[in-house]
1. Name every residue in the range 69-99 that is among the aliphatic types (A, V, I, L, M) and either surrounded by fewer than 17 Cβ atoms within 10 Å (Cβ to Cβ) or over 26 Å from the mean Cα position of the chain (by Cα) (or both), in order of residue number.
2. At least 2 residues that are out of contact with any helix residue (DSSP H, G or I) (no Cβ under 9 Å at 6 or more places or on another chain), in contact (Cβ under 8 Å) with a residue 60 or more places away in the chain and open to solvent by less than 10 Å² (accessible area, probe 1.4 Å) in each: list the helices (runs of 4 or more DSSP H) lying fully within the range 319-413 that qualify.
3. May I ask you to list the residues in the range 49-68 that are part of a loop (DSSP other than H, G, I, E, B) and either open to solvent by 20 Å² or more (accessible area, probe 1.4 Å) or of a type in the set (G, A, S) (or both)?
4. How about the range 100-125: which of its residues are in contact (Cβ under 8 Å) with a residue 24 or more places away in the chain and part of a loop (DSSP other than H, G, I, E, B)?
5. Any residue at all in the range 126-144 that is open to solvent by 40 Å² or more (accessible area, probe 1.4 Å), of a type in the set (A, V, I, L, M, F, W, C) and without any contact (Cβ under 8 Å) to a residue 24 or more places away in the chain?
6. Going through the range 286-318 one residue at a time, which ones are hydrophobic (A, V, I, L, M, F, W, C) and either open to solvent by 40 Å² or more (accessible area, probe 1.4 Å) or touching a Cys at 6+ places or on another chain (Cβ under 9 Å) (or both)?
7. Return the only residue of V182, V160, V175 being over 28 Å from G264 (Cβ atoms), at pLDDT 95 or above and open to solvent by less than 10 Å² (accessible area, probe 1.4 Å).
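The values are calculated or read from the model by the stated rules, or taken from the named source; none is laboratory data. All figures in this text were calculated on a predicted structure; none of them were measured in a lab. Virtual Cβ from ideal backbone geometry, glycine too; neighbours counted across all protein chains shown. Note: areas computed on protein heavy atoms with side chains; ligands, DNA, RNA excluded. Shrake-Rupley method; radii C 1.70, N 1.55, O 1.52, S 1.80 Å.
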Amino acid sequence: MKTIIEPFRIKVVEPIRMTTLAQRAALIREAGFNPFRLKAEDVLIDLLTDSGTGAMSTHQWAGIMEGDESYAGARSFFRFERAVRGIFGHRFVIPTHQGRASERLLCRAVVKPGHVVPGNTHFDTTRANIEDAGAEARDLVIAEGRDPDAEHPFKGNIDVEALEECIRGVGPGRVPFVLVTVTNNSGGGQPVSMANLRAARTVCERFHVPLLLDAARFAENAFFIKLREPGYADKTPAAIAREMFALSDGALMSMKKDAFGNIGGVISLNSEAWWEQIRTLLILTEGFPTYGGLAGRDLEALAIGIEEILDEEYLRYRIASTEYLGRHLQACGVPLVRPFGGHAIYLNGRRFCEHLDDGAFPGWSLSVALYEHLGVRACEIGNVMFGRQDDSGAWRWPALDLVRLAIPRRTYTQSHMDYVIEGIDELHRQRKSIHGLRFVHRPAVLPHFTATFEPV
């Protein structure tokens, strides 16, 4: 059968507010031409993020009723700990309220001024937390990962030779850890191969540098390995995931992605010394170590979700349904990052808006146009998010200026995606009508969340 069907039934529905083009034009202007500043109720189809926006299962909702809200030693924590340890395999499990809390705690504990943290491609909050600690976040993705048209099956791979040169050049003492993000969100949701992780592990062992995984979308990465890497076709996603984590010394995760959580995060480690440092900081800012800023009901839902995500039928549907969106947009001539990622389709903002130069923010301007014309909210991952000014005031632009259409898990149907395809095709045909933007207010840190703009 060619038709992709959802491996679940809809039990509860939430109404969507319909808006007109004129209404949306006024709303995005009031929001300072920043989709993050829109009210969610004014968005028709929300593809801003797949973080915390998925639908929980009946088992997760049932688990919520069993949540133990005891301050210390809650039953729900030990269930959460068993579930995480059963997949990640590390000795110590630290719950946090979300991924960036995990990043902040890790960086505050072990990252010092002058350090360098190599990775394939650091995402926005990861980079911000590393830089806030006075260190450098260095991106070392393979060359194919910077080419939106390259058909390499594992464009998220870290450049192993560049990694070795980096560690040797700055000195192992200045590298607290190497962080590989699976899948590589900033680079188009591209997976990392097991062979690449194994090679990175070999380099890290040679220099006695810990290898950590940013595991927000570990299950999707595991399924891509099953589909694309020789020798893994007959292995289960769970077995592949355990092999991935066995190559690492620890992991941090926003569990709002591949754990079907509306909130939550985790740090998983083998180092007892790091665990002690992070646990102390956790108590200062997040809460007692057996709840880490989460309610017991959240811990229950996450413990169930992190196991549900490894269901092979669900992952097959997830990857196929994302590909459905990408394949149909590509057939319409819309410029995309290829091959398609697991959690999102990424529009090539520069190519879509070739009439706009980098200073007019083509990707961001496209994200604004998507809302105004279609009611679809998307996330720019490009010039606004990662553009930097040097001391002379000149701008340095990232290699890719993308617009991410992140698909929440178990939330939208194929007809929603058909609407998105039809609307983007129509917008692409009239793309020269998309106007550029410039900053009115640009915060110094993570500007995309709160910046305001005006038309050029």
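1. Correct list: A72, A74.
2. Because the criterion is at least 2 residues that are out of contact with any helix residue (DSSP H, G or I) (no Cβ under 9 Å at 6 or more places or on another chain), in contact (Cβ under 8 Å) with a residue 60 or more places away in the chain and open to solvent by less than 10 Å² (accessible area, probe 1.4 Å), no helices (runs of 4 or more DSSP H) in the range 319-413 meet it.
3. Once the filter is applied, which keeps residues that are part of a loop (DSSP other than H, G, I, E, B) and either open to solvent by 20 Å² or more (accessible area, probe 1.4 Å) or of a type in the set (G, A, S) (or both), the range 49-68 yields T49, S51, G52, T53, G54, A55, M56, S57, E66, G67, D68.
4. V111, K112, G114, H115, N120, T121, H122, F123
5. yes
6. If the condition is that a residue be hydrophobic (A, V, I, L, M, F, W, C) and either open to solvent by 40 Å² or more (accessible area, probe 1.4 Å) or touching a Cys at 6+ places or on another chain (Cβ under 9 Å) (or both), then F288 is the only one that fits.
7. V175
The rows are residues; the columns are (1) at pLDDT 95 or above; (2) under 22 Å from V203 (Cβ atoms); (3) surrounded by fewer than 20 Cβ atoms within 10 Å (Cβ to Cβ).
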position: A219; (1), (2), (3): yes, no, no
position: E229; (1), (2), (3): yes, yes, yes
position: A239; (1), (2), (3): yes, no, yes
position: E243; (1), (2), (3): yes, yes, yes
position: S248; (1), (2), (3): yes, yes, no
position: L252; (1), (2), (3): yes, yes, no
position: K256; (1), (2), (3): yes, no, no
position: G261; (1), (2), (3): yes, no, no
